[in-house]
Structure formats: C-alpha cells, structure tokens
Amino acid sequence: MRIGTTLFIVIAIIIAAAVLLPRTPVVTSPTLIASVSYVCDGDKAVFAAYYQGENKPPASPDQPPVPGGSVALTFSDGRAMTLPQTLSADGMRYANTDESLIFWSRGNGALVLERGEERSYTGCIAAAPEPSGQSLPQVYATSTSGFSIRLAGGYTINEAYRYQELGPGKSIRGVKFTIPKATASSTNLSAGSYLSVEQIASTTDCRATLFLDHATAREVTEASTTYSVASSTSAAAGNRYEETVYALSGTSPCVAVRYFIHYSAFENYPVGAVREFDKAMLLAQFDAIRRTLTLAQH
C-alpha cells in the first residue's frame with residue numbers, strides 16, 4: 001500500500017473519531033450589566049446586581065424565548081438571594097421557583113412582592129452613585145413624589161414646602177433642602193438658602209418659566225439630560241436674592257430643581273465682621289446635588 005493512501009486512511013479515522021466523541025458543552029458565564037442601589041419606604045434598601053444570560057427556548061412555539069438573565073439581591077434586613085429572570089410585558093421581572101418572592105424593576109423604580117403582596121419593600125427608587133469630587137453621603141427618597149436625590153451632610157428637609165412667590169393660587173409643591181447652618185456661619189450668606197425639587201402637574205410643556213416669573217428660559221444639555229433654565233435676581237434693604245430653576249424638559253408632571261440663594265451685601269458689614277461666602281463652592285455643590293436627582297419613572 002502506498003504511503004499516501006495509508007496517510008489518507010489514518011486522517012479519515014481521526015476525523016471520524018472526533019465526530020463520534022462526545023462534546024463538552026460550552027458554558028457561558030452570566031455578564032454583569034448593572035449594579036443599582038434602591039432606597040425604599042421606611043428607610044429600607046435593596047442592592048441589585050443585574051446579570052445577562054443566554055435566552056432559553058420557549059415552552060411552546062407560540063411563546064417568546066425565556067430570558068436567561070438573573071438578579072442578585074441584597075436586602076437591608078440581611079437576606080441575600082439570586083433570582084432568575086422571567087417573562088414580563090413591562091419592565092424586568094425576576095422570581096424564585098414557586099414565585100413566593102418577585103422582584104420587578106421598571107425604569108428607576110422597583111417593586112418587591114412576597115407571596116403575591118407588596119410587603120416589606122415598597123416605593124423603591126434607584127439612588128445615583130456618589131459623584132467624584134463632592135461628598136454627598138445622605139440619600140433622600142420619596143415614593144410619594146417619585147424621586148431620589150443625594151445631599152451633603154447637614155442639609156435639613158422640609159416635605160411640607162410650598163413655593164409661593166408666584167402669587168395667590170399659584171403655589172408649587174415640592175421638597176426643600178436647606179443648607180447646613182455651618183455653611184452660612186460667620187459669612188454674609190443666609191442660613192435660609194436652599195435647593196428644592198418641585199413639581200407642576202397640570203402641564204404638558206415643562207419649562208423653567210412656569211416656576212419663575214419675569215425670566216427668560218434657555219436650553220442646557222448636560223450629558224443626556226436636557227434642562228430648561230431660567231434665572232432671576234432681586235434686592236431689598238441690603239439683601240440679595242438669586243434664583244435659578246432647572247426644569248427637566250419632557251417630564252410630566254413637570255419636575256424642576258430650584259436654587260435659592262439669599263445673602264446680605266458684603267460691603268455693608270464692618271471690616272472683619274464676616275467673611276464673604278464662597279458662591280462658586282455653593283453653586284458647585286448645588287450642581288452636584290441636582291445631577292443626582294433620579295426620577296422613578298421618566
């Protein structure tokens with residue numbers, strides 16, 4: 001037999017053996033796609049790590065593929081579990097085998113169902129991560145108004161706040177965050193300066209001039225967020241008042257963040273009586289706080 005013929009037979013045997021040998025299935029590890037911290041009613045929290053996996057074949061030809069994702073949950077009561085993703089017509093739904101615990105995320109909000117009922121974790125809203133360069137350790141969330149926001153330490157919160165400078169019958173509901181007293185101490189800045197998150201329900205055209213009279217709005221885009229921005233200044237008896245409103249374009253109800261800075265004319269103080277407040281630092285802090293505003297549904 002020729003050498004070439006022999007070599008051909010050997011190669012054919014090797015190929016046939018390779019085809020017949022059992023193959024080890026390729027296992028693809030889930031891919032982490034997002035990590036989100038949710039703040040819930042009652043000062044509770046849930047940390048969710050979302051993983052993407054390969055879709056599974058449908059139960060029947062008329063059904064869509066079953067999502068192969070999962071979520072690893074850590075609850076503030078100490079429980080930790082991983083739930084597989086299930087089919088959902090709205091949002092992302094995860095559940096254990098008997099569906100006694102369901103985690104459902106929609107937009108920036110989340111819902112936990114235990115044994116078919118909303119129980120220990122309700123009104124959960126995603127909290128923005130703490131920005132670099134600013135210390136904003138305090139997280140405030142309200143399921144009633146549907147937002148979360150980060151604050152520097154020492155800010156006080158007023159949930160009964162109403163902006164009433166537009167006149168009778170035109171008050172605007174919101175939540176006010178007043179600066180720490182230490183920020184204004186020994187300066188010409190008033191301790192009543194604040195940042196607020198406000199909402200107007202009865203409008204489909206969200207613009208800053210709805211929140212501020214006698215002002216002209218301009219459009220500002222930061223990252224992927226577009227704002228309608230308007231500012232005003234006024235003075236009376238040695239006091240200065242500066243307001244800037246950032247309305248979130250396209251929101252309904254219309255959501256806006258207001259900066260209200262009240263200070264006294266520095267030149268009216270005796271020399272050495274007070275320090276002039278650091279306006280640039282205060283505005284940088286307000287900007288950092290505003291950028292952490294997260295709406296449950298947007």
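All alpha carbon pair distances within region 31-125 were sorted into 5 Å bins beginning at 0; the resulting P(r) in whole percents reads 3, 13, 24, 27, 17, 9, 4, 2, 0, 0. Thr226 sits among other residues whose Cβ lies under 12 Å from its own Cβ, and their net charge, with Lys and Arg +1 and Asp and Glu -1, is 0. Note on the chain: with a GNM built from Cα contacts shorter than 10 Å, the maximum mean-square fluctuation among Ser264, Ser35, Ser60 falls on Ser60. Considering helices alone, the calculated mean residue ellipticity of the chain at 222 nm is -3500 deg cm²/dmol, with DSSP H runs of length four and up weighted by -39500 (n - 2.57) and normalised per residue. Rounded to 0.05, the FRET efficiency of the Gln297 and His262 pair, given R0 = 45 Å and the Cβ-Cβ distance, is 0.85. If the viscosity is 0.890 mPa s and the temperature 25 °C, what translational diffusion coefficient in µm²/s does Stokes-Einstein give for region 162-282 when Rh comes from Kirkwood over Cα pairs? For the chosen part, D equals 158 µm²/s. Distance between the C-alpha centres of region 144-221 and region 66-118: 35 Å, rounded to the whole angstrom. Counting only Cβ charges, +1 for Lys and Arg and -1 for Asp and Glu, the dipole size of region 31-125 around its Cα centre is about 180 debye. Can you bin region 71-160 into rounded, prolate or oblate? Criterion: square roots of the alpha carbon gyration tensor eigenvalues sorted a ≥ b ≥ c, rounded for a/c under 1.5, prolate for a/b above b/c, oblate for the rest. Since a/c reaches 1.5 and a/b is larger than b/c, the shape of region 71-160 is classed as prolate. Helix 3-20: angle to the longest alpha-carbon principal axis of the chain, degrees 0 to 90, nearest 10? Approximately 50 degrees, to the nearest 10. The angle between the Cα long axis of helix 279-291 and the main principal axis of the chain comes to about 40°, on a 0 to 90 degree scale. So if I take the alpha carbon set of region 137-208, get Rg, then get Rh from the Kirkwood formula, what is the Rg over Rh ratio? A ratio of 1.02.
The charge dipole of region 131-295, taken about its Cα centre with unit charges on the Cβ of Lys, Arg, Asp and Glu (plus for the first two, minus for the last two), comes to roughly 280 debye. Efficiency by 1/(1 + (r/R0)^6): what FRET value for His214 and Arg275, r their Cβ-Cβ distance, R0 = 25 Å, to the nearest 0.05? For His214 and Arg275, the calculated efficiency is 0.20. Summing Cβ point charges (Lys, Arg +1; Asp, Glu -1) relative to the Cα centre of the chain gives a dipole of roughly 440 debye. A straight chain from Thr251 to Ala59 at 0.36 nm per residue would run longer than the Cα-Cα distance by 65.2 nm.
Across region 231-297, the convex hull enclosing all Cα atoms gives 99 Å³ per residue.
If you take all other residues with their beta carbon under 11 Å from the beta carbon of Ala141, and give Lys and Arg +1 and Asp and Glu -1, the sum is 0. Among residues other than Ser249 with Cβ under 9 Å from its Cβ, the summed charge is 0 (Lys and Arg +1, Asp and Glu -1).
Build a GNM of the chain with springs between Cα atoms under 10 Å apart, and of Pro253, Pro57, Pro30 the one that fluctuates most is Pro57. Residues considered: Leu195, Leu283, Leu136. Largest GNM mean-square fluctuation over the chain, using C-alpha springs under 10 Å, is found at Leu283.
FYI, it's all coordinate maths here, none of it is from the lab. Computed from a predicted model, the values in this text were never measured in an experiment. Cβ coordinates were reconstructed from backbone atoms using ideal geometry, including for glycine residues, and neighbour counts include every protein chain displayed.
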